[in-house]
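The values are calculated or read from the model by the stated rules, or taken from the named source; none is laboratory data. Quantities reported herein were computed from a predicted structural model and do not represent experimental measurements. Cβ placement follows ideal geometry from the backbone for every residue including glycine, while neighbour counts extend to all protein chains displayed. All accessible areas refer to the heavy atoms of the entire protein, side chains included, with ligands and DNA or RNA removed. Shrake-Rupley method; radii C 1.70, N 1.55, O 1.52, S 1.80 Å.
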Amino acid sequence: MELKKRDNLLPYGKQWLDEADIEAVHQVLRGDFITQGPAIQAFEQKVAEYSGAKYGVAFCNGTAALHGACFAAQIGPRDEVITTPLTFLASSNCVLYQGGIPVFADILPDTYNIDPEQIKAKLTSSTKAVIPVDFSGQPVEIDRIMDIAKDHNLIVIQDAAHSLGAEYKGKKIGAWADMTMFSFHPVKHITTGEGGMIVTDSELFYKRLLQFRNHGMTRDPEEVRSNEGPWYYEMQTLGYNYRMTDIQAALGISQMDKLDKFVEKRRMLADLYEQKLSKIPGVILPHQHKDALSSWHLYVVRFTSEFGTLNRKEIFEALRAMNVGVNVHYIPVYLQPYYRELGYNKGICPNAEAYYENAITLPLFPGMEEEDVEYVVECIKKISLHARDEG
Ligand SMILES: *Cc1c(COP(=O)(O)O)cnc(C)c1O
C-alpha cells in the first residue's frame, strides 16, 4: 500500500490549550492586576506543592530562572560548575552570565544523562555546583549526584525543563535537588507562553531568588538595613527585571490542572512508539533507567548502519519531506562557535558527540493521536526499505 504524505507538518512539540485556559487569562485581563498580583504566588504554590518543594519563584522564562539559581548559589568568577553537553544552551550559559566556568561531564551511552562518575572525574577545588539535566524527561540519577554534592560541598541545580511530572525512586522531580528549574515554553509539559520557575526547600535561596527577580530590591522590614518610612525600599544586590506577568501565571495555574493528563498521554504515545519501532532493525530506542519514571518531553531514536545506507541527515530530510517535523536535540553545547572561542575543544565528551551523530527527535506532544504515531512509524519503515533497496 502506498503511504500518502500528510497535508500539514506534524510538529515535534506543541502546546495544548483549551477553553478553561482562555477563560483563566480573560479573568486576569478583566481584573486589577496583570502583573505583580496574586496569580503569581498562587502559581508558585501550585507548582511547588505538585513537585514536592516548599517554595516556588516564577520567572519570565526558564533561562532567567537558571540565571537566578546560579545567583542564589553564589556562582561567581572562576567558580566551576559541572553540567552536561547534551542540553539546551541555557543550562551552561547561566553559568557564564555569573562569570563562572561551565565544565562539561560526558553522558551515559544508554540514558544520555550525565554520568555521575564523569562528574567525579571533573571535580576540582574550584567546583561549586552541578547542573544536571533530565534529558528528554528521564530523571538523572539524582540520588548519586546529591551524594557527590554532599561529599564535596556543592550546590545542585537540577535543570528539569524536560521533566515536570517525572519521578525518581517514586518521588517527584522538584523534591530532590537544592534548586530545580522548570520551563513553561510551549513545547514543554505545561505552558505560560514564556515562563520558568525555581522550586526549592531553602528559605535562603527563596529570598535570594525573589530579590534577584526584582532588581535586587526588597521592601521586607526584616531585610532592610534602615527604614526611612513606609515608602522605603532598598537595592542590596544587582538584580534584573525577570518577573512573570499575572496573565502568564493564570495560564500556568489552569495548565497545571491538566499536567497529569498531559504526562499520561505522553507516556502512552511513547509506549506506542516503542511497540511499533522495536520491530525495525537498526533503530535504537530510548533506554529507561530502572529508578526513573520519565515524563517524556522528547522521544529520541538513533539509527545504526543496520537501518540501511542512508545517513542521519538523509533520514532526517526524508522524514521532513513526508511532513514529519523531526528535530535534533542537541548539538553538544561546547561545539558551538562561542564556546569554541572560549577554548572548549572537540573530543571533551565522546559519548555526547557519538550520540549527536545519529540521533533524531520524533514528534511527541499531548495533542498527538495514535494515527500520528503510526504515520511516523510507517514513514520510518518506508525510508528503511528504501535504504535497503539501495544498499
Ligand atoms: C527549554 C529549556 C531551557 C530554557 O527554558 P526557556 O524557558 O526556553 O528559557 C533550559 N534547559 C533546557 C534543557 C531546556 O530544554
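So the values come out like this:
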read-out	value
Residue in segment 312-332 that is over 21 Å from ARG266 (Cα atoms), open to solvent by 10 Å² or more (accessible area, probe 1.4 Å), at pLDDT 95 or above and within 20 Å of the chain's Cα centre (by Cα) present	yes
Cβ-Cβ under 7 Å pairs, at least 6 apart or on other chains, segment 289-301 side open to solvent by less than 10 Å² (accessible area, probe 1.4 Å), far side charged (D, E, K, R)	SER295/ARG266; HIS297/LYS188
Test: residue in segment 5-13 that is assigned to a helix (DSSP H, G or I) and touching a residue at least 12 places away in the same chain (Cβ under 8 Å)	no
Some residue of segment 200-213 being assigned to a strand (DSSP E or B) and surrounded by 24 or more Cβ atoms within 10 Å (Cβ to Cβ)	yes
Scan of segment 120-144 for residues that are away from the ligand (no atom under 16 Å from the Cβ) and touching a helix residue (DSSP H, G or I) at 6+ places or on another chain (Cβ under 8 Å), ordered by number	LYS120, LEU123, THR127, GLU141, ARG144
Residues of segment 60-80 classified as out of contact with any strand residue (DSSP E or B) (no Cβ under 9 Å at 6 or more places or on another chain) and assigned to a loop (DSSP other than H, G, I, E, B), total	0
Residue, most open to solvent (accessible area, probe 1.4 Å), within segment 81-114, restricted to residues that are part of a loop (DSSP other than H, G, I, E, B) and away from the ligand (no atom under 16 Å from the Cβ)	PRO109
Number of the exception - GLU117 against (1) open to solvent by 10 Å² or more (accessible area, probe 1.4 Å); (2) in contact (Cβ under 8 Å) with a residue 40 or more places away in the chain; (3) more than 13 Å from the ligand (Cβ to nearest atom)	(2)
Residue in segment 179-198 that is modelled with pLDDT of 95 or more and away from the ligand (no atom under 14 Å from the Cβ) present	no
Those residues of segment 275-288 which are without any contact (Cβ under 8 Å) to a residue 12 or more places away in the chain and not hydroxyl-bearing (Ser, Thr, Tyr), in sequence order	GLN275, LYS279
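One line per residue, one yes/no per condition, for (1) within 16 Å of the ligand (Cβ to nearest atom); (2) under 30 Å from GLY174 (Cα atoms); (3) touching a strand residue (DSSP E or B) at 6+ places or on another chain (Cβ under 6 Å):
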position	(1), (2), (3)
ASP260	no, yes, no
ILE280	no, no, no
GLN288	no, yes, no
VAL300	yes, yes, yes
ALA318	no, no, no
TYR334	yes, yes, yes
TYR338	no, no, no
